[in-house]
Amino acid sequence: MSYFQIPPFTDKGDSVSYGQADNANGGKPAQGVDSKTLMPTGPQADFKNANTMSDGTHISVVTLDGKKSGFKGKVWVWAPKEYTDDPKFAKSGFPVLIALPGGPGYNSNYWMGTPGGFSLQKAISKWYSEGVSKPFLVAMPVLNPGPDDKGIYWDGSDIPGQQKMGTWLTEDVPDLMKANFRTIKSRDGWAFMGSSTGGFASLKSVLKYPDRFKAAIANGPDIVPDSPLWRGHPKEMQENNPEVLAKELAAKGGPEVYLAFQVGTRENAKTMSDVKKFMATYGKGPVHTKLWEIAGGTHNGATYGSNMADPMKWICEQLEGPTPSS
């Protein structure tokens, strides 16, 4: 009955706390281990357990009412055991990975785990133990405000007249993480990862806001915006075009960003050629790029996830945290 999550033999739906409140200082604000750490700003979200991992960590979910975007949707979060259980990191800020799905991206995010599928959380724990990855906090928001059953998707952007999904991903979701977790103040602790249309949104978000985010892993991504909702809005479409954004960033001379790509050799050949063209044209100066070709790989999250160790290691070499206390 626990396997099938039948109450009372499951903790699914129980409240989850990540130690947001800290009264050890007599009610005074807690202090981080160093100046790079941002302690939780509040208010505390009402997280509910969606899945308990074998190591005792929780994937929880909250319905976030985005104050800046006006969009209300689900966000799944996960904290590694180092965040909750390791005393040397008790006052340390942790890096945040915003993981975006491909496909519909509503009303779920497949990185939060599916029975028998790839577990991003287990992989991050394993990679950290092997010295490959940072012990990321992971935020897994919905990508779209509705289903794409009519070929409609939002390109992770603020398309005029539509829900502001760009603001949702780059402001509301980070604000949720800052409110509830010890994070890194600067962009050096913030990265995106996504597949397909989520890969596009990851790529675009880092290039559009390099002052907030430093790195991305883009798996089988679209390179240019192509939602039919852009019709009639060419100016705004170009403002969300990674090619335009990369060119502008290079012209300004920075800040530096790190863009890892994964593409399977059995994907649509155009995906591989578009990524290689983008890298050859714009992967210079402050725009650092690297491609991993997955031999026999197809266009799906499980393929990307199981081959992500090397791209993860590469971006983690550019990121901060956590800093152990003395």
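Looking at the stretch 216-264, which trypsin sites (Lys or Arg not before Pro) are in a loop (DSSP not H, G, I, E or B) and have at most 13 other Cβ atoms within 10 Å?
On the way: sites: Arg231, Lys235, Lys247, Lys252; in loops: Arg231.
Answer in residue order: Arg231.
Separation of the alpha carbons by more than 29 angstrom is noted, of Lys134/Lys208; Lys126/Lys178; Lys91/Lys164, for Lys91/Lys164. Note on Met53 and Ala295: with the Förster distance fixed at 30 Å, the Cβ-Cβ geometry gives a FRET efficiency of about 0.50. Hey, for a label at Ser325 modelled as a point 7 Å past Cα toward Cβ, could you say which residues of the stretch 78-103 have their backbone N under 19 Å away? Inside the label zone: 80-95.
Relative contact order of the chain, please, whole-number percent, based on alpha carbon pairs below 8 angstrom and at least 6 residues apart.
Working: 723 pairs, mean separation 58.6, N = 326.
Computed over the chain, the figure is 18 percent.
For the chain, a Gaussian network of Cα nodes joined below 10 Å ranks Ala280, Ala139, Ala50 by mean-square fluctuation, and the top entry is Ala280.
Tell me, in nm to one decimal, what length is gained between Asp310 and Asn107 on full extension, where the rule is 0.36 nm per residue of separation less the Cα-Cα distance? Kindly include the intermediate steps, with their values, before the conclusion.
Numbers: separation 203, 0.36 × 203 = 73.08 nm, distance 3.00 nm.
Using 0.36 nm per residue and subtracting the Cα-Cα distance, I get 70.1 nm.
Which residues among the stretch 131-170 fall inside the zone where the amide N is under 18 Å from a point 7 Å beyond the Cα of Lys72, along Cα→Cβ? Hits in the stretch 131-170 for Lys72 at 18 Å: 142-147, 163-165, 168-169. With 0.36 nm allotted per residue and the present C-alpha distance subtracted, the Lys12-Ala302 stretch has 102.0 nm of extension available.
Quote the Stokes-Einstein diffusion coefficient, in whole µm² s⁻¹, for the chain, based on the Kirkwood radius over alpha carbon pairs, a temperature of 25 °C and a viscosity of 0.890 mPa s.
The diffusion coefficient I find is 123 µm²/s.
Looking at the chain alone, DSSP beta bridges between its own residues are antiparallel in about 40 percent of cases.
Taking Cα centre as origin and charging only the Cβ of basic (Lys, Arg, +1) and acidic (Asp, Glu, -1) residues, the dipole magnitude of the chain rounds to 340 debye.
May I ask which residue of Val132, Ser92, Asn109 lies farthest towards the positive end of the charge dipole of the chain, with charges of +1 (Lys, Arg) and -1 (Asp, Glu) on Cβ and the Cα centre as origin? So the residue furthest toward the plus end is Ser92.
Fully extending the segment from Ala250 to Arg266 would add 2.6 nm, taking 0.36 nm per residue of separation and subtracting the current Cα-Cα distance.
None of the figures in this text is laboratory data; all of them are computed from the coordinates on show. Only a predicted model underlies this, so the values are computations on that prediction, with no experimental measurement involved. Backbone-built Cβ (ideal geometry, glycine too); neighbour counts: all protein chains shown.
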